[in-house]
Each structure stands twice: as structure tokens, then as C-alpha cells.
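Below is one structure; the comments refer to it alone.
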Amino acid sequence: MYVYPGHLKTVVWDHHHHWETEKNFEGGFSYASKGLLLSDHGPTHVDALSHLDPREGAPSIDQMDLGLFYGGATCIDVSHKKPKTYISNEDLDEAVASSDTSVSEGDVLLLYTGTYDRYHGTVDYLSEYPGLDESGSNWILEKG
């Protein structure tokens, strides 16, 4: 998968093969295993508070409560927004109004932008997407 330029790439490799490990055990037992190297800011990533907050003590990813990363989720469709445009509070209100869902306090909010469908497998995936403007960010905060 593409990783944002400058970030550590995700690497998966064959660490052990059966033919390498069978000599370590009697009776024909062997195993295979893979190695995995990834960035804390890579593939399916979360911006740790310390990534954007320069204050001393802003929590890094390993210090953030795991409960922040899972739970009931609501997905709203904002795929009509073009790449390199902003998703506003009005866009979010319209997306909720036109769907059969609601946004509740504590929900994980997923925004379907259509970026994957448009650009997966191309380098454009890294730059051709919409983002939230200040009003959109505040809308999410206000919803809790």
C-alpha cells in the first residue's frame, strides 16, 4: 500500500521458512513466520495526539487509551466532495440528513470520501482527497 512520502514504509517478509526451522526440532516439526515492520503513522493510521500537539506530555500512540480506537460507528457519505476541497459542517449536516443514520455522542465517525474507489493503487491516493475545514472539525467536536 502507498505510504505518505517521508514515512516509514510497511514491510512484510518471510522471516523463517519450514526448511530452515525443521533442523531445530526432532520428529519433523517445523514452522514458518513472517516479519512485519510498520510506522506508527502508517497504513491504517491514527494521528497520536503528540503528532500534532507540540506540548510536553501530549500522549504518543502507545500512551493513548485503547478505548479511543473502537466502538459503535456511524458512516456518512461525503463522496460527492471533489479531491482537494473541504468538507464543511453544512456538508456533514446534509450527509446525515440524506442517510438513514444519526451521529451520537461517543460514536466513531467514518467519512466515506470515495478516495479509495477513485485512486486505490495509484500515487494519487496520497494527495487527491477532500479534508475537513474548521467548521467540519468543530461539527464533529460538537457532536461528541
How many nm separate the modelled label positions at Leu110 and His41, each set 7 Å beyond the Cα in the direction of the Cβ? 2.6 nm
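With all protein chains present, how much of the accessible area of the chain (probe radius 1.4 Å) comes from carbon and sulfur, to the nearest whole percent?
Exposed carbon and sulfur together represent 53 percent of the surface.
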Label corresponding to Kirkwood radius over Cα pairs in Å when calculated from the structure given, among (1) 17.5; (2) 18.7; (3) 15.0: (2)
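What shape does the range 1-61 take by its C-alpha gyration tensor, where a ≥ b ≥ c are the square roots of the eigenvalues and a/c under 1.5 counts as rounded, a/b above b/c as prolate, and the rest as oblate?
Numbers: a/c = 5.48, a/b = 2.72, b/c = 2.01.
Prolate is the answer for the range 1-61, as a/c is 1.5 or above and a/b outweighs b/c.
In Å², what does the accessible area per residue of the chain work out to with a 1.4 Å probe? Walk me through the numbers on the way to the answer.
Details: 10490 Å² over 144 residues.
Heavy-atom accessible area per residue stands at 73 Å².
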For the chain, find the longest principal axis of its Cα atoms and tell me its angle to the long axis of helix 134-143, 0 to 90°, nearest 10. 80 degrees
Anyone know which of Ser79, Ser88, Ser30 comes out most mobile in the 10 Å Cα GNM of the chain? Ser30
Percent antiparallel among DSSP beta bridges (both partners in the chain, rounded to 5): 40 percent
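Nearest 0.05, what FRET efficiency do Ser135 and Asp14 give at R0 = 41 Å with Cβ-Cβ as r?
So, using R0 = 41 Å, E works out to roughly 0.25.
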If you count, for each residue, the other Cβ atoms within 10 Å and average over each peptide, how do 5-14, 91-100 line up from highest to lowest? 91-100, 5-14
For the range 84-144, the Kirkwood Rh over every pair of distinct alpha carbons, in Å, works out to 12.7 Å
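The values are calculated or read from the model by the stated rules, or taken from the named source; none is laboratory data. It should be emphasised that the depicted structure is a prediction, and the values quoted were computed from it without experimental measurement. Note: ideal-geometry Cβ built from the backbone for every residue, glycine included; neighbour counts use all protein chains shown. Ligands, DNA and RNA are excluded from the accessible area calculation, which covers all protein heavy atoms including side chains. Shrake-Rupley method; radii C 1.70, N 1.55, O 1.52, S 1.80 Å.
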